[in-house]
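For reference, the structure discussed in these notes is given below.
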Amino acid sequence: MSDEAFMRQAITLAKQGTGFVNPNPLVGAVIVKDGNIIGEGWHERYGEAHAERNALAACSESPDGATMYVTLEPCCHEGKQPPCTKAIISAGIRRVVIGSDDPNPLVAGKGIAALQAAGITVEKGICKDECDSMNAIFFHYITTKMPYVIMKIAMTADGKTATRAGFSRWITGEEARRNVHETRKRCAGIMVGIGTVLADDPTLTCRVENPSNPVRIICDSNLQIPTDCKLVMTANDVPTYVACCRMDRRKVDFLEKRGVHVLEVISTDGRVNLKSLMRRLGSLGIDSVLLEGGAALHEAALRAGIVQKVQVYIAPKIFGGVSAKSAVGGLGVYEVNEAYRLTSPSFERFGDDVLLQFDVIQE
């Protein structure tokens, strides 16, 4: 097998940590000796052993003289776990092949330097694009201390997110909806506006095999959330945050007794300042947020410049109607050159539906 093949196996292993390692990166490691894999591991849960140490612990024979393939530069600092570089050096690994550089200021080349100082041959950049893509969330969070925000839209071929009567279940098919839940599992948080709560009374949980529920965040400037809605009633089971800029002390006390965390955030034009909210969420260790609307929150998020990726699920249906809802509300831009610009389009198919993904160009 080639270096690329072994690294792709490490990538496959890394993805098994999806939903359980935030705000740490997804990392996989494979140890090869005489052309054979003798050890594999991945970072399984936040706070637990890193991929390199798990791979070393799983070795079927001595790793002395072996090559380690790891998707991210090994750490060299004391955190919740000891430095992986020390374990690699102590094990007698002679060559380390790395996919991504680690932008964490505590690492950022220092891990590679420590390995090289110990006489270990280091090669990097193998399957770099795949390794980088897998950890887009971590790279953004570790460098900005703010969550990576994905805006999800499900719409018809004519751009409608509901009929003129407000009905939206279900625009897309089962396969597409299942993929949305996989994204929920990947993200640390899921956010909606109070309008969605009042209209749909959602639970915002993750319904896939081996689920990991994201923290639920409601933008609710005036603290209108009903005290008997599903989000409040299940707040002791799934962490739930309500962001507001007008505090009603009695209601706050009621919500907090039921497990809801109320965040008072500065306002802009009487509404929650979304950049300030992202800073608060980042300080809580929430590295990523799946934004599931509705239209008013989508428009506010784009205007605030907090969105990094847009996912658009398109169903082969047409609703029509000038009063039928679209994905982004507000007044919209006035001139074409004022549009929010997207780049790096990709395409996937889920049953009869298609998913278009874009990165948002940050102005």
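Observations
- Matching entry among A14, A5 (being in a helix (DSSP H, G or I), hydrophobic (A, V, I, L, M, F, W, C) and in contact (Cβ under 8 Å) with a residue 40 or more places away in the chain): A14
- Applying the criterion of at least 1 residues that are within 25 Å of L290 (Cβ to Cβ) and among the aliphatic types (A, V, I, L, M) to the helices (runs of 4 or more DSSP H) found wholly in region 73-161 leaves 128-134, 136-144.
- In region 50-84, the residue that is least open to solvent (accessible area, probe 1.4 Å) out of those that are of a type in the set (S, T, N, Q) and closer than 18 Å to L106 by Cα is T71.
- Selection status of V289, touching a strand residue (DSSP E or B) at 6+ places or on another chain (Cβ under 9 Å), open to solvent by less than 40 Å² (accessible area, probe 1.4 Å), at pLDDT 95 or above and farther than 27 Å from T161 by Cβ: no
Residues are listed down the side, and each one gets a yes or a no for (1) touching a Phe, Trp or Tyr at 6+ places or on another chain (Cβ under 8 Å); (2) at pLDDT below 95; (3) buried (at least 17 other Cβ atoms within 10 Å of the Cβ):
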position: V310; (1), (2), (3): yes, no, yes
position: K317; (1), (2), (3): no, no, no
position: A324; (1), (2), (3): no, yes, yes
position: G332; (1), (2), (3): no, yes, no
position: E335; (1), (2), (3): no, yes, no
position: L342; (1), (2), (3): yes, no, no
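- Subset tally (residues that are polar (S, T, N, Q) and under 19 Å from the mean Cα position of the chain (by Cα)) for region 281-329: 4
- Leading residue by the ranking (nearest to the chain's Cα centre (by Cα)) among those in region 36-49 that are acidic (D, E) and open to solvent by 70 Å² or more (accessible area, probe 1.4 Å): E44
- Only listed residue being assigned to a helix (DSSP H, G or I), in contact with an Asp or Glu (Cβ under 9 Å, 6 or more places away or on another chain) and either hydrophobic (A, V, I, L, M, F, W, C) or more than 30 Å from A176 (Cα to Cα) (or both), chosen from V197, V192: V197
- Restricting attention to region 209-263, the residues that are closer than 28 Å to R45 by Cβ, polar (S, T, N, Q) and open to solvent by 30 Å² or more (accessible area, probe 1.4 Å) total 4.
- Selection within region 351-363: residues that are in contact with a strand residue (DSSP E or B) (Cβ under 8 Å, 6 or more places away or on another chain) and over 14 Å from M155 (Cα atoms). The member of this set that is surrounded by the fewest Cβ atoms within 10 Å (Cβ to Cβ) is I361.
- Subset of region 85-119 (residues that are surrounded by 14 or more Cβ atoms within 10 Å (Cβ to Cβ), touching a strand residue (DSSP E or B) at 6+ places or on another chain (Cβ under 6 Å) and either among the aliphatic types (A, V, I, L, M) or over 18 Å from P23 (Cβ atoms) (or both)): I93, R95, V96, V97, I98, G99, I112, L115
- Filtering region 208-236 to residues that are closer than 19 Å to M151 by Cα and out of contact with any Lys or Arg (no Cβ under 6 Å at 6 or more places or on another chain) leaves N213, V215, R216, I217, I218, C219, D220.
- Within region 123-142, residues that are more than 20 Å from L106 (Cα to Cα) sit with their Cβ atoms under 8 Å from residues that are open to solvent by 70 Å² or more (accessible area, probe 1.4 Å), at 6+ positions apart or across chains, in these pairs: I126/E4; C127/E4; C127/R8; E130/R8; M134/K15.
The values are calculated or read from the model by the stated rules, or taken from the named source; none is laboratory data. Owing to the predicted nature of the structure, the values given are computational and were not obtained by experimental measurement. Neighbour counts run over all protein chains shown; Cβ positions are idealised from the backbone, glycine included. Ligands, DNA and RNA are excluded from the accessible area calculation, which covers all protein heavy atoms including side chains. Shrake-Rupley method; radii C 1.70, N 1.55, O 1.52, S 1.80 Å.
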